[in-house]
Amino acid sequence: MRTTICSLRKLFLPAMLICFITAATAQEQKTSTESTLQPKIGFKGGINLSNLYVDDVEDENMKVGLNVGMFAKFPVTNGFSIQPEVLYSSKGAKLRYNNIFGEGEYRFNLNYVEVPVLAVFNLGKNFNIQAGGYAAYLASANIKRLDTESGDVDHIADLNTDNFKRFDYGLVGGVGIDIQHFTIGARYNYGLNEIGDDDDGITGAATKNSKNSAFTFYIGVGF
């Protein structure tokens, strides 16, 4: 765990240094009707490509989930803003099967109310990079099955959320493009908290050492 965090610091510190160096000459995104920096509030939606990891993130178990919510953007100075958000974020992983009953995959869904807070550095009129952290509350958990041949999705079971840690937290980094009132972007969310909580519960024990990992791709509109 200590090695992982140190590796992350080695990646984030140079990026943050570049942000501070370029922020002085960067321009805050403004629409054509705005003459000054103004706070914005808006809505955004997109998808998570999520997974669970113990030591290293393996891509073969990555699943697609929903990521929707609201954001606010508060300019601090020309080229630098603080952006808090409130999101519904579905994370988890998938497991493929191929047996006498058919072929498909099981989707393990962890549904969070997530609150990221990001520092946004504008490296040009429309381009920015983002870095910060998130805290999340587990609202529900379930398993669904996708039949590859028919395309049908069946709800298998609701999981006992007492077998999981209700709170999650981690690091966030990404890039964004703002054009007038519209924004698009991509992020990576790296969970730092183990999700399993109950050694006596089968689900909790099986996921006790696992943490969340997710790539997020989104579009939004702000006013």
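Every read-out reported here was derived from the displayed coordinates using simple, explicitly stated rules and does not represent laboratory data. Everything quoted here is computed from the prediction, not taken from an experiment. A quick note on method: Cβ atoms are made from the backbone with ideal geometry, for glycine too, and the neighbour counts reach across all protein chains shown.
Couple of notes before you dig in:
- Prolate/oblate/rounded label for segment 133-197 (Cα gyration tensor, a/c 1.5): oblate
- Shape box of segment 79-223 [Cα atoms, principal axes, largest first, Å]: 56, 36, 22
- A simple charge model with +1 on the Cβ of Lys and Arg, -1 on the Cβ of Asp and Glu and nothing else charged puts the dipole of segment 68-223 at about 680 debye relative to its Cα centre.
- Couplings for segment 61-68, taken from phi via the Karplus curve 6.51 cos²θ - 1.76 cosθ + 1.60 with θ = phi - 60°, read 9, 6, 10, 9, x, 8, 9, 9 Hz in order; Gly and Pro are left as x.
- Per-residue Karplus couplings for segment 74-91, computed as 6.51 cos²θ - 1.76 cosθ + 1.60 with θ equal to phi - 60°, are listed in order as 10, x, 9, 7, 5, x, 9, 9, 10, 10, x, 9, 10, 10, 9, 10, 9, 10 Hz, Gly and Pro entered as x.
- Once backbone amide H atoms are built at 1.01 Å from N, N193 has Y169, N212 as its partners under 5 Å, excluding neighbours fewer than 5 places away on the same chain.
- Estimated distance in nm for a label pair at I219 and S150, the labels positioned 7 Å out from Cα along Cα-to-Cβ: 3.3
- Paramagnetic label zone (point 7 Å from Cα along Cα-to-C-beta, Y97; backbone N under 13 Å) in segment 150-172: 154-157
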